[in-house]
Amino acid sequence: IKWINGACLACSYCMKGDEQLCQSATMSGYTVDGSFQQYAIAKAAIVARIPKECDLESVAPVLCAGITVYRGLKESGCKPGDTIAIVGAGGGLGSLALQYAKAMGLHTIAIDGGEEKRALTKKLGAVSYVDFTTTKDIVADVKAATIDGQGPQAALLVAVQEKPFQQAAAYVRSKGVVVCIGLPADAKLSNPVFDTVIRMVSFKGSYVGNRADTAEALDFFRRGLITVPYKTVGLSELQKVFDLMEEGKIAGRYVVDTSK
């Protein structure tokens, strides 16, 4: 069961494979009961088909975080050999984005804070790491991490603070793409119109993936190209997980076991 629980499959969006934009779409845990329970329902045409050989706990994060970042990488328009900066690379979405990007033939610049996140992102295939908590000039450091010093072809923003969304346009190269996925509360995008036009910088929002994205994202996992860093806890410990999330102390993803 994914975030998109159901869709009409008949509107102009659904007909073009954009069921996540369906005006009648239902969302798991939001407009319909979610999966913090042992049994739940969803539309048969929308649910993901998980290969039998996949372990359910380890594949679980792919059904939300994995699909989301995989779609975002596709929206970036990056081709094999291109470089993409992933902001929030050490978190649940970022840790998967790094691996999908590597599997798609992209070079990655991980942007996050702290030595734990540095170690994790390097382990997951990041070519470079920029620590936003210690850098004196994040724009210069990100550009310096690219082969020609012009900056990455795209930036994938999965951060939950507003500031990175204001910085990204300054370090992507001309004709670069800024892909917004993270949802900081009340945040706004702002960039000089002159710079945006002259450098031909694009801003794109990317929501969750469709059914085809889901099948593709799962196939990457099935082939062993994606390893999900996760910890399993009982449902009784859910509040502790939320507390760690608010403190920014989660590296990877948590899976909730409803039987505990």
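The values are calculated or read from the model by the stated rules, or taken from the named source; none is laboratory data. Every value quoted in this text rests on a predicted model; they were computed, and no experiment measured them. Using ideal geometry, Cβ is built from the backbone for each residue, glycine included, and neighbour counts are taken over all protein chains shown. We work out accessible area using only protein heavy atoms, side chains counted, and drop any ligands, DNA or RNA first. Shrake-Rupley method; radii C 1.70, N 1.55, O 1.52, S 1.80 Å.
Taking (1) open to solvent by 80 Å² or more (accessible area, probe 1.4 Å); (2) without any contact (Cβ under 8 Å) to a residue 12 or more places away in the chain; (3) of a type in the set (S, T, N, Q) in turn, T135 satisfies each apart from (1). Sort out which residues of segment 150-163 are loosely packed, with under 15 Cβ neighbours inside 10 Å and modelled with pLDDT of 95 or more, and write them in order of number. If the condition is that a residue be loosely packed, with under 15 Cβ neighbours inside 10 Å and modelled with pLDDT of 95 or more, then Q150 is the only one that fits. Tell me, please, whether a residue that is under 30 Å from A145 (Cβ atoms), small (G, A, S) and within 20 Å of the chain's Cα centre (by Cα) can be found in segment 28-47. So far as segment 28-47 goes, no, none of its residues is under 30 Å from A145 (Cβ atoms), small (G, A, S) and within 20 Å of the chain's Cα centre (by Cα). Sub-9 Å Cβ pairs linking a first residue in segment 72-91 that is under 12 Å from M104 (Cβ atoms) to a second residue that is charged (D, E, K, R) and open to solvent by less than 10 Å² (accessible area, probe 1.4 Å), at least 6 apart or interchain, are K74/D213, ordered by first then second residue. Quick one: is G182 modelled with pLDDT under 95 and touching a strand residue (DSSP E or B) at 6+ places or on another chain (Cβ under 7 Å)? Considered against the rule, which asks whether it is modelled with pLDDT under 95 and touching a strand residue (DSSP E or B) at 6+ places or on another chain (Cβ under 7 Å), G182 comes out as yes. If you go through segment 193-243 and pick out every residue that is open to solvent by less than 80 Å² (accessible area, probe 1.4 Å), assigned to a helix (DSSP H, G or I) and of a type outside the set (F, W, Y), you end up with 15. Restricted to segment 104-132, and to residues that are part of a strand (DSSP E or B) and among the charged types (D, E, K, R), which residue is surrounded by the most Cβ atoms within 10 Å (Cβ to Cβ)? Per the criteria, the residue is D112. Starting from residues that are aromatic (F, W, Y) and out of contact with any Phe, Trp or Tyr (no Cβ under 9 Å at 6 or more places or on another chain), keep the ones in segment 25-39 and report whichever is least open to solvent (accessible area, probe 1.4 Å). For segment 25-39, the residue satisfying everything is F36.
Report, by residue number, each residue of segment 142-192 that is in a helix (DSSP H, G or I) and either in contact (Cβ under 8 Å) with a residue 60 or more places away in the chain or closer than 17 Å to L93 by Cα (or both).
Those that are in a helix (DSSP H, G or I) and either in contact (Cβ under 8 Å) with a residue 60 or more places away in the chain or closer than 17 Å to L93 by Cα (or both): P164, F165, A168, Y171.
Reported count of residues in segment 244-260, each being outside any loop (DSSP other than H, G, I, E, B) and of a type in the set (A, V, I, L, M), is 4. Restricting A89, A60, A42 to residues that are open to solvent by less than 60 Å² (accessible area, probe 1.4 Å) and in contact with a Ser or Thr (Cβ under 6 Å, 6 or more places away or on another chain) narrows the list to A89. Screening segment 1-99 for helices (runs of 4 or more DSSP H) wholly inside it with 1 or more residues that are out of contact with any Pro (no Cβ under 9 Å at 6 or more places or on another chain) and modelled with pLDDT of 95 or more returns the ranges 12-15, 65-76. Considering each residue of segment 137-155 in turn, at least one proves to be under 19 Å from A187 (Cα atoms) and not aromatic (F, W, Y).
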